[in-house]
Amino acid sequence: MNGEFVAWEDAKVHVLTHGLHYGTGVFEGIRCYETELGPAVFRHVDHLDRLARSAELYYMPMPYSVSELRGATHELIARNRLRSCYIRPLVYRGYGQMGLNPLEAPVDVTIAVWEWGSYLGDEGKLHGIRAKVSSWRRLSPDSLIPHAKASGQYLNSVLAKVETLKAGYEEAILLDDHGHVCEGSGENIFLVRDGVIITPPQTASILDGISRKSVVAIARDLGIEVVERDVARAELYLADEVFMTGTAAELVPVWEIDDHRIGAGRPGELTCTLRGVFEDALHGRSERYREWLDVLGEVGGVGEADPRVGGAAERAEAAAEAGLPIEAAAG
């Protein structure tokens, strides 16, 4: 946290932290995978660049460079002896000033890592999920900044997600303020019709997803046509295939939406093809996409955790036995 490695249980903030009250923070969701090259972070710098852009959009000067955050993340993973993990960098307005003017509040930075499975479950990744179009619309660019991955904005996704779960579905699909298909609560969305992949454009209030860009690149490399355009709600029901992408969820087929079966009611051919190549890219099995991997050994190897940082040796041992991260860090 703010340049210091801190034990998991000691990673705390003041109750008057500005971001806790007003949502003044930006973050990223990143994954590290075990590969034959060693632990490797997928499109690490792309994620950190987006973090920096999000911070800039919300007038938060980051006190650390992208290079410094990259190095700190590598060291944090190594200290925790993790071969694969989820990574959460967070830039937020800290304790120092209350009220709606945040400019005098300090900008704090935290990075945490932990083991976290697929967001929508392994069963969902394999066999697909049921989704519901939410009554909550995706936030409008007239009010907030959809291209920023900002903490407070995710209340929009929380409402949609809770509504969907309470209705018995596994994921929400949000429409934009014009009634066009936008994205899931935490994923970008794609549909397939007559062999063409269609996905909502940047103007539909989507987050410019890094997994989305990766899958678009893979599809085009495979010679599959990808069209970015506005999508009507009914087109989801008429699609041959639907799938979602995101760092937490990875690539997940959708087999039913609003009780309409999609295609044959199982993951489609193009979805399975893309999922296979995407998985190969994530796990370093594809030479073609090796450039997307940030291998830990390039900054520092995966070594033993240092029990002197943030606590005693017993604390590190207990955390390891419990399968918990030993430290959280920043900068």
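I'd like to know how the chain sits against the 2.2 N^0.38 Å rule of thumb: what's its Cα Rg over that expected value? Display every interim value, and only then the final one.
Values: Rg = 20.2 Å, N = 331, 2.2 N^0.38 = 20.0 Å.
Ratio of Rg to 2.2 N^0.38 Å for the chain: 1.01.
Nearest 10 degrees is fine. How inclined is helix 155-166 to the longest principal axis of the chain, computing both from alpha carbons?
Rounded to the nearest ten degrees, it is 60.
Name the residue from GLY38, ALA219, ALA148 whose Cα lies farthest towards the positive end of the charge dipole of the chain, charges +1 on Cβ of Lys and Arg and -1 on Cβ of Asp and Glu.
ALA148
Can you list, bin by bin at 10 Å, the percent of alpha carbon pairs in region 31-99, starting at 0?
18, 45, 26, 10, 1
Could you name the aspartates and glutamates in cross-link range of LYS12, using Cα to Cα under 17 Å and dropping any fewer than eight places away on the same chain?
Here the aspartates and glutamates satisfying the reach criterion relative to LYS12 are GLU4, ASP108, GLU327.
Treating only the Cβ of Lys, Arg, Asp and Glu as charged (+1, +1, -1, -1), what charge dipole size does the chain show about its Cα centre? Round to the nearest 20 debye.
Numbers: 33 positive and 50 negative charges, 83 e Å.
The dipole magnitude comes to about 400 debye.
Give me LYS161, LYS213 sorted ascending by neighbouring Cβ count inside 10 Å, so fewest comes first. Walk me through the numbers before you get to the answer.
Numbers: LYS161 21, LYS213 14.
The order, fewest Cβ neighbours first, is LYS213, LYS161.
Based only on Cα atoms, what Rg/Rh ratio does region 79-185 have, Rh being taken as Kirkwood's radius? Kindly include the intermediate steps, with their values, before the conclusion.
On the way: Rg = 17.3 Å, Rh = 16.6 Å.
For region 79-185, the value is 1.04.
Can you tell me the dipole magnitude for region 113-162 around its Cα centre, using point charges on the Cβ only (Lys, Arg +1; Asp, Glu -1), in Debye to the nearest 20? Please report the intermediate quantities before stating the final value.
Working: 7 positive and 4 negative charges, 48 e Å.
About 240 debye.
Mean residue ellipticity at 222 nm from the helices of the chain, using -39,500 (n - 2.57) per DSSP H segment of n ≥ 4 over the full residue count, to the nearest 500 deg cm²/dmol?
On the way: 9 runs with 93 residues, N = 331.
That calculation yields -8500 deg cm²/dmol at 222 nm.
Which Rg and Dmax, in Å, describe the Cα atoms of region 122-282?
Spelled out, the Cα radius of gyration and Dmax of region 122-282 are 14.4, 40 Å.
Angle between the Cα long axis of helix 210-221 and the longest principal axis of the chain, 0 to 90 degrees, nearest 10?
Computed tilt is about 50 degrees.
Name the shape class, rounded, prolate or oblate, that the alpha-carbon gyration tensor gives for region 1-118, where a ≥ b ≥ c are the square roots of its eigenvalues, rounded holds for a/c under 1.5, and otherwise prolate holds if a/b is larger than b/c and oblate otherwise. Show your work: numbers first, answer last.
Numbers: a/c = 2.35, a/b = 1.73, b/c = 1.35.
Since a/c reaches 1.5 and a/b is larger than b/c, the shape of region 1-118 is classed as prolate.
LYS213: which lysines have alpha carbons under 30 Å from its alpha carbon, excluding same-chain residues fewer than 8 sequence positions away?
Excluding near neighbours in sequence, the set is LYS125, LYS132, LYS149, LYS161.
Which of PHE5, CYS182, PRO267 sits closest to the plus end of the dipole of the chain, meaning its Cα is farthest towards the positive end, when Lys and Arg get +1 and Asp and Glu get -1 on the C-beta?
Of the candidates, CYS182 comes out farthest on the positive side.
Normalising by the residue count of the chain, find the relative contact order in percent from Cα pairs under 8 Å and 6+ residues apart. List each step's numbers first, then the result.
Values: 697 pairs, mean separation 87.7, N = 331.
With pairs under 8 Å counted, the relative contact order is 26 percent.
Normalised by the number of residues in region 122-282, what is the relative contact order in percent for Cα pairs under 8 Å and 6+ residues apart?
Normalised by residue count, the contact order of region 122-282 is 25 percent.
Work through the residues other than TYR95 whose Cβ is under 13 Å from its Cβ and net out their charges, Lys, Arg +1 and Asp, Glu -1.
Details: positive: LYS12, ARG93; negative: GLU104, ASP108.
Net charge around TYR95: 0.
Throughout, read-outs are computed from the coordinates displayed, never taken from laboratory work. Please read these numbers as outputs of a predicted model, since none were measured by experiment. Note: ideal-geometry Cβ built from the backbone for every residue, glycine included; neighbour counts use all protein chains shown.
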